[in-house]
Amino acid sequence: MKFRIVRSKFLEGLKKVQNIVGSKGTMQIIQNVKLEAQDKQLSLTTTDLDISILSVVGCEVEAEGSTTLPVKLLVNAISKSPEGPVEIDVDNGDHAHITAGTALFKISGLSVVDFPALPADQDSFEYVLPQMTLREMLRKTAYAASQDDTRKTLKGVLMSFKDGKV
């Protein structure tokens, strides 16, 4: 796999997915971000086995492919590199060679085969509402969510969709 991407776009995509990674002590693969380069775009996926997130950014793909790299190391490397093009070349052993300006990083990853698959969205639907409306709805209800980690079922806000209403 080999691709070239603008540093700011890559960092923006990484920041969207970096907070959904597994904690230490669990499977090592879920501390990584899955990178898939194909069709002039880069897909970045992370999961903690409960929540998964996918971000897609545009890039120049020289050789299609996929791998997983430690997300925290990757964010640190890219955030410290100068603005401009970032080139990432991943060999068959999942070793990434990252070139950004005069900086060169080498990060070892894991095979994409072991990365958990995203759940199928066969029963999914789409509901569109303005951002400010959603923000106001959450502001009016989120105070009631529990802060206690031992009662995870009470930590969320229930959103019910019925007859075109939320």
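The values are calculated or read from the model by the stated rules, or taken from the named source; none is laboratory data. The model shown is predicted, which means the values in this text are computed figures rather than measured ones. Backbone-built Cβ (ideal geometry, glycine too); neighbour counts: all protein chains shown. Protein only, heavy atoms only, side chains kept; ligands, DNA and RNA dropped before computing areas. Shrake-Rupley method; radii C 1.70, N 1.55, O 1.52, S 1.80 Å.
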task: Would you tally the residues in region 130-166 being among the small types (Gly, Ala, Ser), at negative phi and loosely packed, with under 10 Cβ neighbours inside 10 Å?
output: 2
- request: Considering only residues that are hydrophobic (A, V, I, L, M, F, W, C) and in a strand (DSSP E or B), look in region 20-36 and name the one that is nearest to residue 2 (Cα to Cα).
  value: 35
message: Quick check on residue 141: is it among the hydroxyl-bearing types (Ser, Thr, Tyr) and modelled with pLDDT of 90 or more?
response: no
query: When you go through 96, 100 one by one, which is the residue that is surrounded by 17 or more Cβ atoms within 10 Å (Cβ to Cβ), modelled with pLDDT of 95 or more and not polar (S, T, N, Q)?
result: 96
- request: Output the residue which, of all residues in region 109-119 that are open to solvent by 60 Å² or more (accessible area, probe 1.4 Å) and of a type outside the set (A, V, I, L, M), is modelled with the lowest pLDDT.
  value: 119
task: Scan region 110-141 residue by residue and report those that are in contact (Cβ under 8 Å) with a residue 24 or more places away in the chain and either assigned to a loop (DSSP other than H, G, I, E, B) or not aliphatic (A, V, I, L, M) (or both).
output: 111, 114, 115, 116, 118, 119, 125, 127, 129
Residue identified as open to solvent by 60 Å² or more (accessible area, probe 1.4 Å), more than 26 Å from residue 120 (Cβ to Cβ), assigned to a strand (DSSP E or B) and out of contact with any Asp or Glu (no Cβ under 7 Å at 6 or more places or on another chain) among 62, 87, 12: 62
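Counting just the residues of region 142-166 that are part of a loop (DSSP other than H, G, I, E, B) and among the basic types (Lys, Arg), which one comes out farthest from residue 131 (Cα to Cα)?
Taking region 142-166 and keeping what is part of a loop (DSSP other than H, G, I, E, B), we get 145-151, 155-161, 163-164, 166.
Narrowing further to those that are among the basic types (Lys, Arg): 151, 155.
Working: 151: 29, 155: 22 Å.
Applying the filter and picking the extreme gives 151.
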message: For the condition closer than 29 Å to residue 155 by Cα, of a type in the set (Lys, Arg) and either open to solvent by 70 Å² or more (accessible area, probe 1.4 Å) or assigned to a loop (DSSP other than H, G, I, E, B) (or both), what is the one hit in 72, 106?
response: 72
query: Which one of the conditions (1) over 27 Å from residue 28 (Cα atoms); (2) open to solvent by less than 40 Å² (accessible area, probe 1.4 Å); (3) not polar (S, T, N, Q) does residue 127 fail to meet, given that it meets all the rest?
result: (2)
- line: Here the residues within region 37-59 that are without any contact (Cβ under 8 Å) to a residue 60 or more places away in the chain, part of a strand (DSSP E or B) and not hydrophobic (A, V, I, L, M, F, W, C) are 38, 41, 43, 46, 55, 58
